[in-house]
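Contents: one structure, followed by commentary.
The values are calculated or read from the model by the stated rules, or taken from the named source; none is laboratory data. Everything quoted here is computed from the prediction, not taken from an experiment. Here the Cβ positions follow ideal geometry from the backbone for every residue, glycine too, while neighbour counts run over all protein chains shown. To get the accessible areas, we keep the full protein, side chains included, count just its heavy atoms, and leave off ligands, DNA and RNA. Shrake-Rupley method; radii C 1.70, N 1.55, O 1.52, S 1.80 Å.
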Amino acid sequence: AIVISGTEAQVTAALVTTDTLVVAGSATVTISDAITIAQLTAIDAKTSGTLTYTSISDTASNLATNTGSYVTSDVDVTVTNGITAAQLVTINALTTGDITLDDTNDSLTDSTADLVSAFTGNVTAYTGVITINDAATTAIAATDLSDIGGETSGVVTVSNAIVISGTEAQVTAALVTT
């Protein structure tokens, strides 16, 4: 099979752009820079060969929807716009690669469980405000609050009267230690 490798722009010119395309239906393709899901879809449609890439850069919505299942394995992801906690949870579940947030100052609001899941893995340093919105009287581990607090240099607020459990050291770390 033919091997085509290069940047997204070079591979797109070779396989997709009408004026410059080469028909290589079974080519093995390697892309050396970040690419969007739409660009991957266009290139993938032109070959039945293996498509190799290590980085996707796209909107939070496109990455979380993951049309074509391109966000997978250890692919690094760059989120080019604001993100919700739910989208970050979804993207984190799709890849073990690094997740870079271009906008690190969004406000995130969600449950403790979802916020812990959102920051599992390798997520860019976050500076935004985080609001924990578990229902009143929900039991929350102090270690989970500490984990969430450790993910941002912004303010963390709990919107309801939750029940915090843990050792004295864990509760102190969650509520007092900066």
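Over the range 32-178, Cα pairs under 8 Å with separation of 6+ residues give a relative contact order of 16 percent.
Give, in nm to one decimal, the length gained when the segment between Val163 and Thr50 is fully stretched (0.36 nm per residue of separation minus the Cα-Cα distance). Fully extending the segment from Val163 to Thr50 adds 35.6 nm.
Per residue, the convex hull around the alpha carbon atoms of the range 1-42 comes to 63 Å³.
At a probe radius of 1.4 angstrom, the accessible area of the range 115-178 per residue rounds to 53 square angstrom. If you look at the Cα atoms of the range 82-178, you get an Rg and a Dmax of 13.1, 37 Å.
Compare the Cα positions of Ala85, Val123, Thr59 along the charge dipole of the range 55-178 (+1 at Cβ of Lys, Arg; -1 at Cβ of Asp, Glu; about the Cα centre) and return the one farthest towards the positive end. Towards the positive end, the residue furthest out is Ala85.
The packing ranking, built from the mean of other Cβ atoms within 10 Å per residue, places the peptides 40-52, 76-88 in the order 76-88, 40-52, highest first. Asp98 sits with roughly 70 Å² accessible to a 1.4 Å probe, with DNA, RNA and ligands left out of the calculation. For the pair the range 4-24 / the range 62-89, the C-alpha centres are spaced 25 Å from each other. Ranked by solvent-accessible area (1.4 Å probe, protein heavy atoms only, all chains present), the residues Ser165, Ser32 order from largest to smallest as Ser32, Ser165.
Dipole check for the chain: with +1 at the C-beta of Lys and Arg, -1 at the C-beta of Asp and Glu, and the Cα centre as origin, the magnitude is about 300 Debye.
Could you calculate the FRET efficiency of Thr28 with Asn122 from 1/(1 + (r/R0)^6), where r is the beta carbon distance between them and R0 is 30 Å, rounded to 0.05?
Approximately 0.60, to the nearest 0.05.
Share of the chain's accessible area from carbon and sulfur, percent, 1.4 Å? Don't skip to the end; give the middle numbers.
Values: 4610 of 8720 Å².
That fraction is 53 percent.
With a cut-off of 20 Å, note down the residues of the range 58-80 whose backbone N falls inside the zone around a label point 7 Å from the Cα of Thr96 toward its beta carbon. Residues 69-78 fall inside that zone.
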